[in-house]
Amino acid sequence: MSKKIASARIATESSALLKELNDSLPFDKALYAQDIAGSKAHAAMLAKQGIISAEDNEAIQRGLDQVLEEIESGAFTLDGGDEDIHMANERRLTEIIGDAGKRLHTARSRNDQVALDFRLYVLDNNRLITELLLELIDTFIATAKEHTETLLPGMTHLQHAQPINFGYHMMAYTSMFKRDYERFIDSARRNNLSPIGCAALAGTPHPVDRKMTAEALGFDAPTLNCLDTVSDRDFALEILFNISTMMMHMSRLSEELILWSASEFRFVTLSDKHATGSSIMPQKKNPDIPELLRGKTGRVNGNLIALLTVMKGLPLAYNKDTQEDKEGVFDSVRTALLSLRVLNEMIAEMKVNVANMERACMIGHLSATDLADYLVRSAGIPFRDAYHITGNAVNLAEEKGLDISELSLDDLKSIDERIGEDVIALLDNRASMNARNSEGGTATVRTKEQIAAMEAWLESVK
Ligand code: ARG
């Protein structure tokens, strides 16, 4: 085994066990592209500032391009026993270009290097997630548009409450995903600051130009305080929290899709592409995909709590504990990207069983509130009295085995003389849905208004 390139004080080789515990290359190799981009920007800055020669910079640029190519082609396999991706890239660079490679680490530490690489990784993936979120919102809008007249029992406490339309239900999720989108964007904006040039913890005596590297790497500016920067992992916590919240929304939807696929509901039929069979029961078609989305939400929550726990006891500045920041983030990011793609496809291809939804609206006296509202409006009856009269009408309907909307005028008049013929049309579920036409309400006109507003917003951010 070769002598470690970053251990001037350590004479003996590391024990195999230490290496297994200490090395992060097996997972931080995912940062290879960010590491090379950061090193290229750093070397160019060192040359411009006269800290290394122009020739050395040229060699480094060329060498790093080659390292990148070798990694992507598989020629450099990143399994040579290096401690981490930073050491691996530097070792390979020096093998290719010789002594100039040894100048790259001037005015830099792995502490600011890893802070940079990981932040770039988070920002890159933040962007991918926001792009997929916009596609998802688009798909929900398309489904909503087809179903602004499809009646669905709106629920509270998972009990039938009032009729709504299915498009309105879909639009509720677009509001959640819009907030998710804004949360990712907001985090990216806050964290778009460059750590490079902070060195180990306190800055460097070399005349570095941190604005130059920040600009070259697409950051708004350098961070303000190096001591904070080398151990700050808020940006990672933010993406973990944002993913957890987004997955929580997906999980709530998944729960609904699972219920809606059950025989008791049959409101939707997931495409065969997104359902699986049972190994023993030949008749089964299981909603494994929404179940997995719901289950993976537990895992991403675990990743968030794990990093919060790693960070809570760390004195300033860098501590090796923070090496534990990566695997959870990689896992949550991978899960988020995959879940967004799968959900998008599943919603686009799911069949909406309109007749079953509308039939379910005949269970539970969904338009009972409309009778109470009618009594308040047309007979000036105080709401609490109207509420009790309506309760009697519901009891009568139950006795007759009918829905409240199926009671005859005579039935209703037997409850209260003040009930007039005009109420019959109001108790119809569609009329009831359309009566809820206050701002943000379910009425088809209001749902269409919400769709238009969401589409305008989508256009404004695309
Ligand atoms: N692999 C390390 C990490 O992920 C890189 C930084 C190491 N710095 C140090 N001083 N040991 O945190």
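The values are calculated or read from the model by the stated rules, or taken from the named source; none is laboratory data. In this text the structure is predicted, and so the values were computed from the model without any measurement. Here the Cβ positions follow ideal geometry from the backbone for every residue, glycine too, while neighbour counts run over all protein chains shown.
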Worksheet item: Quick one: would you say K320 is more than 21 Å from T139 (Cα to Cα), modelled with pLDDT of 95 or more and out of contact with any helix residue (DSSP H, G or I) (no Cβ under 6 Å at 6 or more places or on another chain)?
Response: yes
Fill in: Residue count for the range 93-112, restricted to those that are more than 16 Å from the ligand (Cβ to nearest atom) and acidic (D, E)
2
Fill in: All positions within the range 317-329 that are of a type outside the set (K, R) and either within 12 Å of the ligand (Cβ to nearest atom) or surrounded by fewer than 17 Cβ atoms within 10 Å (Cβ to Cβ) (or both)
A317, Y318, N319, D321, T322, Q323, E324, D325, E327, V329
Practice prompt. May I ask you to verify whether F184 is touching a residue at least 24 places away in the same chain (Cβ under 8 Å) and touching a Ser or Thr at 6+ places or on another chain (Cβ under 7 Å)?
Written response: yes
Discussion item. Being within 16 Å of the ligand (Cβ to nearest atom), on the phi < 0 side of the Ramachandran plot, at pLDDT 95 or above and part of a helix (DSSP H, G or I) narrows it down to one residue among A306, A393, A397; which is it?
Written reply: A306
Discussion item. Show the residue pairs meeting these rules: Cβ distance below 8 Å; 6+ apart or different chains; first residue within the range 60-88 and over 30 Å from K48 (Cα atoms); second residue part of a loop (DSSP other than H, G, I, E, B) and away from the ligand (no atom under 16 Å from the Cβ).
Written reply: G81/M1
Worksheet, complete the sentence: Restricting the range 118-129 to residues that are more than 16 Å from the ligand (Cβ to nearest atom) and surrounded by 19 or more Cβ atoms within 10 Å (Cβ to Cβ), the one farthest from Y32 (Cα to Cα) turns out to be I129
Worksheet item: Considering only the range 10-33, how many residues are small (G, A, S) and under 16 Å from F330 (Cβ atoms)?
Response: 3
Item to complete: Could you tell me which of the residues A41, A88, A115, A30 is more than 13 Å from the ligand (Cβ to nearest atom) and modelled with pLDDT of 95 or more?
Response: A41
Worksheet entry | Every pair of residues 6+ apart whose Cβ atoms lie under 6 Å, when the first sits in the range 441-454 and is over 10 Å from I164 (Cβ atoms) while the second is in a loop (DSSP other than H, G, I, E, B) and modelled with pLDDT of 95 or more | T444/T148; T444/E149; R446/N437; K448/T148
Item to complete: State whether one or more residues within the range 339-347 are closer than 30 Å to Q34 by Cα, under 42 Å from the mean Cα position of the chain (by Cα) and free of Cβ contacts under 8 Å to residues at least 40 places away in the same chain.
Response: no
Worksheet entry | Condition met for T369 (at pLDDT 95 or above and touching a strand residue (DSSP E or B) at 6+ places or on another chain (Cβ under 9 Å)) | no
Practice prompt. Within the range 335-382, track down each residue that is assigned to a helix (DSSP H, G or I), of a type in the set (D, E, K, R) and farther than 24 Å from S408 by Cβ.
Written response: R341, E345, E349
Item to complete: Consider only pairs whose beta carbons are under 7 Å apart and that are at least six residues apart or on different chains; among these, list those whose first residue lies in the range 308-334 and is over 29 Å from I129 (Cα atoms) and whose second residue is within 13 Å of the ligand (Cβ to nearest atom) and of a type in the set (D, E).
Response: L314/D321
Item to complete: Mind counting the residues in the range 234-273 that are small (G, A, S), closer than 13 Å to K285 by Cα and not in a loop (DSSP other than H, G, I, E, B)?
Response: 1
Worksheet item: Taking the stated definitions as given, is N286 within 30 Å of Y121 (Cβ to Cβ) and free of Cβ contacts under 8 Å to residues at least 24 places away in the same chain?
Response: no
Response to the item:
Inside the range 422-432, the number of residues satisfying the requirement of being outside any helix (DSSP H, G or I), over 20 Å from P382 (Cα atoms) and in contact with a Leu (Cβ under 7 Å, 6 or more places away or on another chain) is 0
